[in-house]
Amino acid sequence: VFYIKQILEEKYGKDIVERGGLKVYTTLDSELQEYAEKVAAEKGEINEKSFGANNISILAVNPKTGQILGMVGSRDYFSEEIDGNVNVSMRPRQPGSSFKPIVYSQAFYNGFAPGSVIYDIPTKIGSDRPQNFDGKYQGQITIRRALGQSRNIPAIRAYFLAGEQDPVIDLATKMGITTLDKAHSYGYPLALGAGEVPLMEMVTAYSVFAN
């Protein structure tokens, strides 16, 4: 509601929105919205206990049209304890491993494919020694399997095969991610989701895959 209100105020001005008697029709799916709010409450509580994450956001869109079907901007809008009066889906956050498919996609433009073999082996970049989540290595592995298992080392190698930062950001921009800045030196951690991106833009980018 607040997101729609903000859009209307930007388009028509606050006075007309407050007193104009407008009839507003949205794309929201009421059943999906109700379910999203339920999930946000349940998972938000679990995430807080397990990970100390005090807020949560859920966004669902129709990938064919881009229309928003469900949006939960905050676990509890009225909670001051979690700074609930905010739409987290619009706030930049590190997307983590969900950014890896974009890196692999740019590598595909450079001639690689899901069945291409990539190396999951101990790797040193400068003084860094990046690790996989399980601390293990699988040696030769296809890109398909590496992405399916969310291996970090293959994703980092794919970042270099993709042409490094600028081509990856260019593709991300075409897919709807506008907040990454080429002037910022993300380096290989960009492949692991170190660049902050709003959920709204990540959902838009994933709509490209869905289509």
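The values are calculated or read from the model by the stated rules, or taken from the named source; none is laboratory data. This is a predicted model, so every value here is computed, not measured. Methodologically, a virtual Cβ is constructed for each residue, glycine included, from the backbone with ideal geometry; neighbour enumeration extends over all protein chains shown. Ligands, DNA and RNA are excluded from the accessible area calculation, which covers all protein heavy atoms including side chains. Shrake-Rupley method; radii C 1.70, N 1.55, O 1.52, S 1.80 Å.
Please compute the per residue accessible area over the chain with all protein chains in place, 1.4 Å probe, rounded to a whole number of Å².
Accessible area per residue, the chain: 60 Å².
Tell me which lysines have Cα within less than 28 Å of Lys5's Cα, excluding those fewer than 8 residues away on the same chain?
Lys14, Lys23, Lys38, Lys43, Lys64, Lys174
At a 1.4 Å probe radius, carbon and sulfur cover how many percent of the accessible area of the chain?
Heavy-atom surface of the chain belonging to carbon and sulfur, 1.4 Å probe: 52 percent.
Tell me, what ³J(HN,Hα) does each residue in the stretch 176-190 have, in order and in whole Hz, if you take phi through Karplus 6.51 cos²θ - 1.76 cosθ + 1.60 with θ = phi - 60° and put x for Gly and Pro?
x, 8, 10, 8, 6, 10, 4, 5, 8, 8, 6, x, 4, x, 4
Restricting to DSSP loop positions (anything but H, G, I, E, B) with no more than 10 other Cβ atoms inside 10 Å of their own Cβ, which GluC sites (Glu not before Pro) remain in the stretch 20-124?
Numbers: sites: Glu31, Glu34, Glu37, Glu42, Glu45, Glu48, Glu80, Glu81; in loops: Glu80, Glu81.
Those satisfying the criteria are Glu80, Glu81.
Can you spot the aspartates and glutamates whose alpha carbon is less than 19 Å from Lys182's alpha carbon? Ignore those fewer than 8 places along the same chain.
Partners within reach: Glu164, Asp166, Asp170, Glu196, Glu201.
Out of the trypsin sites (Lys or Arg not before Pro) in the stretch 155-210, which ones are loop residues according to DSSP with at most 15 other C-beta atoms within 10 Å?
Lys182
Residues with amide H under 5 Å of Ile118's amide H, sequence separation 5 or more or different chain, H placed in the peptide plane at 1.01 Å from N; which?
Amide H to amide H, under 5 Å and 5 or more residues apart or across chains, Ile118 pairs with Ile141, Thr142, Ile143.
Select from the stretch 85-167 those chymotrypsin sites (Phe, Trp or Tyr not before Pro) which occupy a DSSP coil region and have at most 13 other Cβ atoms within 10 Å, ordered by residue number.
Values: sites: Phe99, Tyr104, Phe108, Tyr109, Phe112, Tyr119, Phe133, Tyr137, Tyr159, Phe160; in loops: Phe112, Phe133, Tyr137.
The qualifying sites are Phe133.
As a test question: what accessible area, to the nearest 10 Å², does Asp166 have when a 1.4 Å probe is rolled over all protein chains in place?
Only protein atoms counted, so the area is about 70 Å².
Report the percentage of all Cα-Cα pairs in the stretch 1-84 whose separation exceeds 16 Å, rounded to a whole percent.
In whole percent, the long-distance tail amounts to 61.
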